[in-house]
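K.L.:
Structure provided below as structure tokens; questions to follow.
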Amino acid sequence: MKILVAGSGGWGTALAILLLKNGHDVTLWSYCEEESRSLAQTHRNPFLPEIELPQALKYTFEPSSAQDKEMVVFATPSFAVRSTARSFAPYLQKEAVIVSVTKGIEDDSGCRMSELIAQETGKAVVALSGPSHAEEVSRGIPTGVVAACADKSLAEKVQAAFMCKMLRVYTSPDAIGVELGAAHKNVIALCAGVCDGMGYGDNTKALLMTRGLAELARLGLAMGAHRETFAGLAGVGDLIVTCTSMHSRNRRAGILIGQGVGIQEAMKQVGAVVEGYYAASAAWKLAQRYHVEMPITQAAYEVLYENRDPVQVITGLMLRQEKSEMDYAEWAR
């Protein structure tokens, strides 16, 4: 299969390598001509410094290169997905399979990545997500992901293209849940990093992750997702890996913030896009739109956008009104 991966960051590059090893003809697209030429000449990507890029991998900076591709994988940062999809739209084949591997929510519209790609291209989109650090995928360390789309046949085409001995791919009809999990776990991971930076322990992180997942599920159900999705790879699976690993840019940024580094400076020091920063704003707005209580998300928003003191915010979370973890009336049924 002829495949174009749009986005030459660490994740896009790791997937391009995987797809090439799976026997596909793969081209890696960069937004910048200079970056594309550098990758082709050096066979090195600064985001994956230990990996030598395969000789068979092709490179381009032209959106028109999509015109003969059977599959196009969008792997740009979330803020660039809409503009990238718009630039590719005139060149996409009628039968091309479109995949989104970007984890985020568009801030103003609240659109998931597959939604805005569909808006710009007029095509159905498969969302691919799960616990998948680029650094590990590029090295062939096993993991699993979910290919989600209402059209089962499209999800299965993506499953077949990506599945191999180091990447197990499941299908799901629940793109809403998969993409919400993908985006919101970055918010929780950023918060986990803040707690780490402040010197809190494992208990705190377990509390944060568990209650963060609970409020993610509440939002997901309000938006039409399936509860089971949040107990799967794209929910708790991705949450665990992102909250506990130093590969996570969101956790690393959070650690710096917890240590007293300013928000913008922390993201600058991480040296790559911190998706949780953008997702916190988008998720907070979605919570208001759907009238869903999301106290951790609100706390993240207050720290990131209103310059609230993390200590005060965490104290406020701990001293909220007492609640039951499970609804007694629901349990009685």
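K.L.:
So which residues in the stretch 257-285 are buried (at least 22 other Cβ atoms within 10 Å of the Cβ), in a helix (DSSP H, G or I) and touching a residue at least 24 places away in the same chain (Cβ under 8 Å)?
P.N.:
Ile257, Gly258, Glu275, Gly276, Tyr277, Ala279, Ala280, Ala282, Ala283
So that you can scan it fast, the table gives a plain yes or no per residue for (1) touching a residue at least 40 places away in the same chain (Cβ under 8 Å); (2) in contact with a Leu (Cβ under 6 Å, 6 or more places away or on another chain):
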| position | (1), (2) |
| --- | --- |
| Ala182 | yes, no |
| Lys185 | yes, yes |
| Leu190 | yes, no |
| Val194 | yes, no |
| Met198 | yes, no |
| Asn203 | no, no |
| Leu208 | yes, no |
| Gly220 | yes, yes |
| Gly224 | yes, no |
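K.L.:
Hey, another quick one. Sort through Ser109, Ser87 and tell me the only one that's touching a Pro at 6+ places or on another chain (Cβ under 7 Å), without any contact (Cβ under 8 Å) to a residue 60 or more places away in the chain and at negative phi.
P.N.:
On the way: Ser109 fails: touching a Pro at 6+ places or on another chain (Cβ under 7 Å).
Just a single option satisfies the conditions, and that option is Ser87.
K.L.:
Sticking with this structure for a sec: Just to be sure, is Leu57 among the aliphatic types (A, V, I, L, M), over 27 Å from Ala182 (Cα atoms) and in contact with a strand residue (DSSP E or B) (Cβ under 7 Å, 6 or more places away or on another chain)?
P.N.:
Yes; evaluated as a whole, the condition is true for this residue.
K.L.:
Test of understanding: among Pro49, Pro90, which residue is over 25 Å from Gly181 (Cα atoms), open to solvent by 40 Å² or more (accessible area, probe 1.4 Å), assigned to a strand (DSSP E or B) and not β-branched (Val, Ile, Thr)?
P.N.:
Working: Pro90 fails: assigned to a strand (DSSP E or B).
Unique residue meeting the criteria: Pro49.
K.L.:
Okay, next question. Can you find a residue that is touching a strand residue (DSSP E or B) at 6+ places or on another chain (Cβ under 9 Å) and within 16 Å of Ala192 (Cβ to Cβ) anywhere in the stretch 243-252? Break it down stepwise before answering.
P.N.:
Pass one, the stretch 243-252, residues touching a strand residue (DSSP E or B) at 6+ places or on another chain (Cβ under 9 Å): none.
No, the stretch 243-252 contains no residue that is touching a strand residue (DSSP E or B) at 6+ places or on another chain (Cβ under 9 Å) and within 16 Å of Ala192 (Cβ to Cβ).
K.L.:
One residue is enough: does the stretch 249-256 have a residue meeting the conditions modelled with pLDDT under 95, under 22 Å from Ala182 (Cβ atoms) and open to solvent by 30 Å² or more (accessible area, probe 1.4 Å)?
P.N.:
yes
K.L.:
Take the stretch 52-74 and flag every residue that is assigned to a loop (DSSP other than H, G, I, E, B) and of a type in the set (Phe, Trp, Tyr). Please lay out each step first, then the result.
P.N.:
Applying the first criterion (assigned to a loop (DSSP other than H, G, I, E, B)) to the stretch 52-74 yields 53-57, 61-62, 69-70.
Within the stretch 52-74, Phe61 is the sole residue that qualifies.
K.L.:
Only one of Ala225, Ala214 is under 20 Å from the mean Cα position of the chain (by Cα), surrounded by fewer than 24 Cβ atoms within 10 Å (Cβ to Cβ) and either assigned to a loop (DSSP other than H, G, I, E, B) or hydroxyl-bearing (Ser, Thr, Tyr) (or both); which? Please lay out each step first, then the result.
P.N.:
Details: Ala214 fails: either assigned to a loop (DSSP other than H, G, I, E, B) or hydroxyl-bearing (Ser, Thr, Tyr) (or both).
After applying the criteria, what remains is Ala225.
K.L.:
Restricting the stretch 190-220 to residues that are among the basic types (Lys, Arg) and in contact with a helix residue (DSSP H, G or I) (Cβ under 7 Å, 6 or more places away or on another chain), which is nearest to Glu322 (Cα to Cα)? So that I can check it myself, show each step before the final result.
P.N.:
Step one: list which residues in the stretch 190-220 are among the basic types (Lys, Arg), which gives 205, 211, 218.
Next, only the ones that are in contact with a helix residue (DSSP H, G or I) (Cβ under 7 Å, 6 or more places away or on another chain) stay: 205, 211.
Details: Lys205: 20, Arg211: 14 Å.
So, considering only residues that are among the basic types (Lys, Arg) and in contact with a helix residue (DSSP H, G or I) (Cβ under 7 Å, 6 or more places away or on another chain), the one nearest to Glu322 (Cα to Cα) is Arg211.
K.L.:
Let me ask something additional. Looking at (1) within 19 Å of Glu135 (Cα to Cα); (2) open to solvent by 10 Å² or more (accessible area, probe 1.4 Å), which is the one condition that is false for Ser64?
P.N.:
Failed condition: (1).
K.L.:
Follow-up question, since we're still on this one. Can you name the residue in the stretch 286-308 that is not charged (D, E, K, R) and not in a helix (DSSP H, G or I) and, of all such residues, is modelled with the lowest pLDDT? Please lay out each step first, then the result.
P.N.:
Within the stretch 286-308, the subset not charged (D, E, K, R) is 286-288, 290-292, 294-301, 303-305, 307.
After this cut, where a residue has to be not in a helix (DSSP H, G or I) as well, the list is 290-292, 294, 307.
Details: Tyr290: 97, His291: 97, Val292: 96, Met294: 96, Asn307: 91.
For the stretch 286-308, the residue satisfying everything is Asn307.
K.L.:
On the given criteria, is Ser114 assigned to a loop (DSSP other than H, G, I, E, B) and touching a residue at least 12 places away in the same chain (Cβ under 8 Å)? Can you show your working first?
P.N.:
Working: assigned to a loop (DSSP other than H, G, I, E, B): no; touching a residue at least 12 places away in the same chain (Cβ under 8 Å): yes.
Here the answer is no, as Ser114 does not meet what is asked.
K.L.:
Please work out if Val311 is in a helix (DSSP H, G or I) and among the β-branched types (Val, Ile, Thr). So that I can check it myself, show each step before the final result.
P.N.:
On the way: in a helix (DSSP H, G or I): yes; among the β-branched types (Val, Ile, Thr): yes.
So Val311 fits the description; yes.
Every residue, every condition in (1) closer than 14 Å to Arg139 by Cα; (2) β-branched (Val, Ile, Thr), yes or no:
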{"position": "Lys21", "(1), (2)": "yes, no"}
{"position": "Asp25", "(1), (2)": "no, no"}
{"position": "Ser30", "(1), (2)": "no, no"}
{"position": "Glu35", "(1), (2)": "no, no"}
{"position": "Thr42", "(1), (2)": "no, yes"}
{"position": "Ile51", "(1), (2)": "yes, yes"}
{"position": "Gln55", "(1), (2)": "no, no"}
{"position": "Tyr59", "(1), (2)": "no, no"}
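The values are calculated or read from the model by the stated rules, or taken from the named source; none is laboratory data. As the structure is a prediction and not an experimental result, all values here were calculated from the model. As a convention, Cβ positions derive from the backbone with ideal geometry for all residues, glycine included, and neighbour counts pool all protein chains shown. Quick note on the areas: whole protein, heavy atoms, side chains included, nothing else; ligands and nucleic acids left out. Shrake-Rupley method; radii C 1.70, N 1.55, O 1.52, S 1.80 Å.
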